[in-house]
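Novice: Just passing along the structure, written as structure tokens.
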Amino acid sequence: MLTANTPLVQKDPTSPLRVIMIGRISTPQQNESNIVASFAADEKFLSQFYDGPVTVKHLGERGSGLRTDRQSIIEAEEEIATGTWDLVLMEDLSRAYRNPRHQYEFIQDAVDNETRVICIGDNLDTADPNWEVMMGAASLRHGLHIPDTRRRVRRTAEYTFHKGGMVQKIRFGYRKLTKEEAASGQFGPVGLRLAKLAEATPIVMEMRRRVMAGYEYEAIAVWLNESEIPPGSYSSKRKWTGALVSRFLRSCILQGVRRFRETIFTTQFKDGKHRRKKNASPETKYYPELAHMTKEEQEELWIAMDSRTVNSGQKSGRGNPRHGIARDRGIWPSKQVRCAICKGFLERTLNDQLKCKHAFDSDNPCWNHVQVKAETIRQKILPQLLEQLDRHPAFRATLIEAAWASYAQQRQRQLRKSSDLDAQIQQLSKERQNLVQAIRCGGEIEALVEELKAVEGRLRVIDLTRQATEDEASTLGIQSREQFAARLNEGLLVTARENFEFTDLMRDYVTEFVIQPVQAMDSTQVFPRAKLTFRLSAITGSESSPVEIRIVADCFQPSGPVEILEQCRQAKAEHPKWGCVRIARLIKKPHMTVKRSLHYLELMASANTNDPFRELSEKPEKAARWTKRRKNNLE
Ligand SMILES: [Zn+2]
């Protein structure tokens with residue numbers, strides 16, 4: 001135990017002994033009262049060796065002993081530099097610093113300023129002629145704490161990770177388990193604090209499909225946000241972004257591989273601050289229970305993503321097919337069709353389905369939960385529109401003109417894309433040839449083979465994309481405006497399906513476009529019926545007599561009995577006395593279907609209507625299949 005052989009004397013005999021006491025605790029687990037306790041020990045020591053008047057400055061805080069930017073240590077150094085202090089007293093050297101480099105600097109600066117330093121626990125007293133020996137010992141002792149702690153923290157973390165713990169990032173499609181849940185083994189391997197949300201798998205796979213089909217990450221993010229799919233608690237913005245989509249799909253947890261310490265934080269000796277660095281060989285552990293896709297599926301996806309990065313020049317700017325197109329421009333009829341009940345827009349959800357965007361509002365939700373496929377709307381409405389337009393040749397011609405223009409434009413884009421892809425294929429083939437050559441000559445075989453594999457993977461993906469482009473372009477084989485006009489039905493459908501310009505075109509003429517929920521007479525099922533109005537005055541230029549075309553189309557597959565209503569009605573009209581068996585024989589349909597169809601006709605007659613469906617203006621008491629649908633809570 002230190003005995004302070006040299007008596008304590010103040011520099012200025014007229015003033016009390018001026019003492020700085022330094023206390024510090026490092027981690028949040030340590031109690032702040034530890035600082036006070038260490039000050040108490042200092043004061044007890046002081047009272048044993050000095051009984052005159054004393055001025056004490058207490059400097060204590062919570063912070064790492066490796067940091068040089070701690071407020072109390074900066075203040076201590078500034079005070080010492082004034083040369084007015086007699087003594088710095090600490091429980092041990094590590095209260096000031098843990099890093100020997102800074103320990104020496106601190107003590108030596110104090111000595112230069114004729115301020116005595118005593119570290120009680122280290123037997124260090126700079127008034128002792130041999131103090132440097134004690135300083136060396138103390139420095140070694142506290143300095144070694146750094147690698148010791150590093151090792152201990154690391155060992156504990158690795159152990160916990162391999163036991164299923166250290167769950168830090170919860171990505172979309174996963175859930176953190178409580179200790180009890182993990183221990184039960186009910187949600188996966190015992191101890192694993194993470195579980196897959198099985199209902200997220202279709203969404204993850206759809207994301208993958210879209211990337212493989214060439215969708216931009218941004219477009220995928222827009223789709224996810226529009227579908228109200230929350231990005232998981234790991235995202236700080238609470239919304240999907242292109243970058244997040246890309247990062248998410250890169251994460252190997254999707255194939256069931258947990259990684260730990262992907263980033264290494266190293267503490268800089270200079271100031272004790274952390275620097276981050278990517279870890280080349282992180283800890284990994286494979287859990288099949290966590291996989292949303294197979295290893296092969298994800299690797300194929302990564303190759304597609306890599307080839308995208310390689311050709312990133314095409315991703316932005318004019319090369320991008322969506323360059324200059326506002327985000328809110330969609331493929332028809334999105335952004336144009338509204339809910340007949342609340343007049344809100346229908347929004348795209350999964351699988352090309354549209355539904356009222358207010359259907360799941362938290363306050364005052366819209367009761368209309370009917371869903372309709374965008375493609376069904378196009379297929380049901382466009383032929384009807386063309387049929388009606390036969391009576392309005394001026395508009396028909398204008399429509400053909402505009403549709404052909406955008407079709408041709410798109411065809412151009414496809415050709416450009418094809419030739420771009422051809423160039424890429426050529427480039428990669430050359431690379432492959434070179435690699436094969438290099439392997440033959442016996443270069444660094446392993447690395448070369450690795451590279452060759454990567455090149456071949458990229459080639460495969462680009463080949464597939466090239467083929468898909470080819471298929472798209474040659475589906476119709478339409479080369480000229482005449483051919484387009486002759487096959488207007490198909491041409492229009494293709495244009496509508498793939499062209500943003502078509503959406504703009506329709507916006508000019510469609511004055512009303514709603515999805516009306518209708519209910520069957522013999523069941524509680526609710527179906528979507530599209531109703532839209534075209535206003536042709538803009539075309540013909542005759543404001544005085546605008547022509548309006550109204551189209552009503554049931555956008556669903558009617559049940560068997562409803563489908564043959566008309567046939568049954570006619571047969572019944574011709575043979576009023578016949579029963580369902582004879583009618584069934586006549587129209588060649590199953591007799592149970594005919595029976596239900598005849599019953600359906602009776603229901604219509606008693607309701608005094610020719611419409612097989614009731615248009616709903618109020619929430620139906622019962623609606624089959626609506627009850628189960630809830631807001632997807634995939635968090
Ligand atoms: Zn609505």
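The values are calculated or read from the model by the stated rules, or taken from the named source; none is laboratory data. None of the values given here were measured: they were computed from a predicted structure. When we count neighbours, we look across all protein chains shown, and the Cβ atoms used for this are built from the backbone with ideal geometry, even at glycine. Side chains included, ligands, DNA and RNA excluded: accessible areas come from the protein's heavy atoms. Shrake-Rupley method; radii C 1.70, N 1.55, O 1.52, S 1.80 Å.
Novice: With θ set to phi - 60°, apply the Karplus curve 6.51 cos²θ - 1.76 cosθ + 1.60 along segment 480-494 and write out the HN-Hα couplings as whole Hz, x wherever there is a Gly or Pro.
Specialist: 10, 4, 5, 4, 5, 5, 5, 10, 4, 4, 5, x, 5, 5, 4
Novice: Under a straight-distance cross-link criterion of Cα-Cα below 14 Å, which aspartates and glutamates are reachable from Lys270, leaving out those fewer than 8 residues away in the same chain?
Specialist: Candidates past the 8-residue exclusion: Asp69, Glu105.
Novice: Related question: Reachable aspartates and glutamates from Lys577, Cα under 16 Å, same-chain residues fewer than 8 places away excluded?
Specialist: Glu602
Novice: What is the distance, in nm, between label points placed 7 Å from the Cα along the Cα-to-Cβ direction at Gln479 and at Gln427?
Specialist: Each label point lies 7 Å from its Cα, and together they span 3.1 nm.
Novice: Still on this structure, I have one more. Please report the base-10 log of the normalised intensity I(q)/I(0) for segment 73-202, using a Debye sum with one equal scatterer per alpha carbon and no solvent, at each q in 0.12, 0.19, 0.20, 0.23 (1/Å).
Specialist: Each listed q maps to, in turn, -0.61, -0.98, -1.06, -1.26.
Novice: Report, to the nearest whole %, how much of the accessible area of segment 559-611 belongs to carbon and sulfur atoms, 1.4 Å probe, protein only.
Specialist: That fraction is 53 percent.
Novice: Quick one: if the Förster radius is 41 Å, what FRET efficiency do Asp92 and Lys277 give, using the C-beta to C-beta distance and rounding to 0.05?
Specialist: Here the calculated transfer efficiency is 0.80.
Novice: Could you size up the charge dipole of the chain around its Cα centre, putting +1 on the beta carbon of Lys and Arg and -1 on that of Asp and Glu, and report it in debye to the nearest 20?
Specialist: 2920
Novice: Angle check, please: helix 100-112 long axis (alpha carbons) against the longest principal axis of the chain (alpha carbons), in degrees 0 to 90, nearest 10.
Specialist: The angle comes out at about 40 degrees.
Novice: If you don't mind, another one. For segment 363-458, what is the Kirkwood hydrodynamic radius in Å, using each pair of distinct C-alpha atoms?
Specialist: Computed over segment 363-458, the radius equals 19.2 Å.
Novice: Calculate one ³J(HN,Hα) per residue across segment 550-560 by plugging θ = phi - 60° into the Karplus curve 6.51 cos²θ - 1.76 cosθ + 1.60, and present them in order as whole Hz with x for glycine and proline.
Specialist: 10, 10, 10, 9, 7, 9, 6, 8, x, 5, x
Novice: Provide, in order from the shortest bin, the percent of all Cα-Cα pairs of segment 174-311 in each 10 Å bin, continuing until the bin that contains the maximum pair distance.
Specialist: For segment 174-311, the binned pair fractions read 11, 33, 35, 17, 4 percent.
Novice: Provide the gained length on full extension for the span Lys270 to Glu387, in nm with one decimal, where the gain is 0.36 nm per separating residue minus the Cα-Cα distance.
Specialist: 34.1 nm
Novice: Could you tell me how many cubic angstrom of Cα convex hull volume segment 346-553 has per residue?
Specialist: In segment 346-553, the Cα hull volume divided by residue count equals 200 Å³.
Novice: Before I look further, what does segment 559-611 give for accessible area per residue, probe 1.4 Å, in whole square angstrom?
Specialist: 66
Novice: Oh, and also: Can you list the lysines whose alpha carbon sits under 16 Å from that of Lys417, skipping same-chain ones fewer than 8 residues off?
Specialist: Once the sequence-local lysines are set aside, what remains near Lys417 is Lys315.
Novice: Can you tell me the orientation of helix 217-226 relative to the chain, as the angle in degrees between its alpha-carbon axis and the longest Cα principal axis, to the nearest 10?
Specialist: 70
Novice: Using only the Cα atoms of segment 17-147, build the gyration tensor, take square roots of its eigenvalues as a ≥ b ≥ c, and label the shape rounded, prolate or oblate: rounded if a/c is under 1.5, else prolate if a/b is larger than b/c, else oblate.
Specialist: Since a/c stays below 1.5, the shape of segment 17-147 is classed as rounded.
Novice: Once the Cα atoms of helix 445-474 and of the chain are each reduced to a long axis, what angle between those two axes, in degrees from 0 to 90 to the nearest 10, is obtained?
Specialist: Tilt of helix 445-474: around 30 degrees.
Novice: In whole angstrom, note down how far apart the Cα centers of segment 156-215 and segment 225-279 are.
Specialist: Taking the Cα centre of each part, segment 156-215 and segment 225-279 sit 14 Å apart.
Novice: Over the Cα atoms of segment 333-415, how large are the radius of gyration and the largest Cα-Cα distance (Dmax), in Å?
Specialist: Radius of gyration, then largest Cα-Cα span, for segment 333-415: 16.8, 49 Å.
Novice: Around Glu347, which amide H atoms from residues at least 5 apart in sequence, or from another chain, sit under 5 Å from its own amide H, with H modelled in the peptide plane?
Specialist: Lys355, Cys356, Lys357
Novice: While we're looking at this one, here's another question. Hey, can you find the accessible area per residue of segment 174-311 for me, probe 1.4 Å, expressed in square angstrom?
Specialist: Result: 52 Å² per residue.
Novice: Also, quick follow-up: Whole number please: convex hull volume per residue, Cα atoms of segment 559-611, in Å³.
Specialist: About 70 Å³ per residue, rounded to a whole number.
Novice: Distance check, please: which entries in Lys380/Lys595; Lys176/Lys277; Lys169/Lys196; Lys335/Lys357 exceed 22 angstrom between their Cα atoms?
Specialist: Listed pairs above 22 Å: Lys380/Lys595; Lys176/Lys277.
Novice: Along the principal axes of its C-alpha atoms, what lengths does the chain span, in descending order and rounded to whole Å?
Specialist: Result for the chain: principal-axis Cα extents of 128, 71, 57 Å.
Novice: Per residue, how much accessible area does segment 23-167 show when a 1.4 Å probe rolls over the protein heavy atoms, in square angstrom?
Specialist: Accessible area per residue, segment 23-167: 51 Å².
Novice: For segment 10-83, with equal point scatterers placed on the C-alpha atoms only and solvent neglected, what are the log10 I(q)/I(0) values from the Debye formula at q = 0.20, 0.21, 0.26 1/Å, to two decimals?
Specialist: The Cα Debye sum returns log10 ratios of -0.93, -0.99, -1.21.
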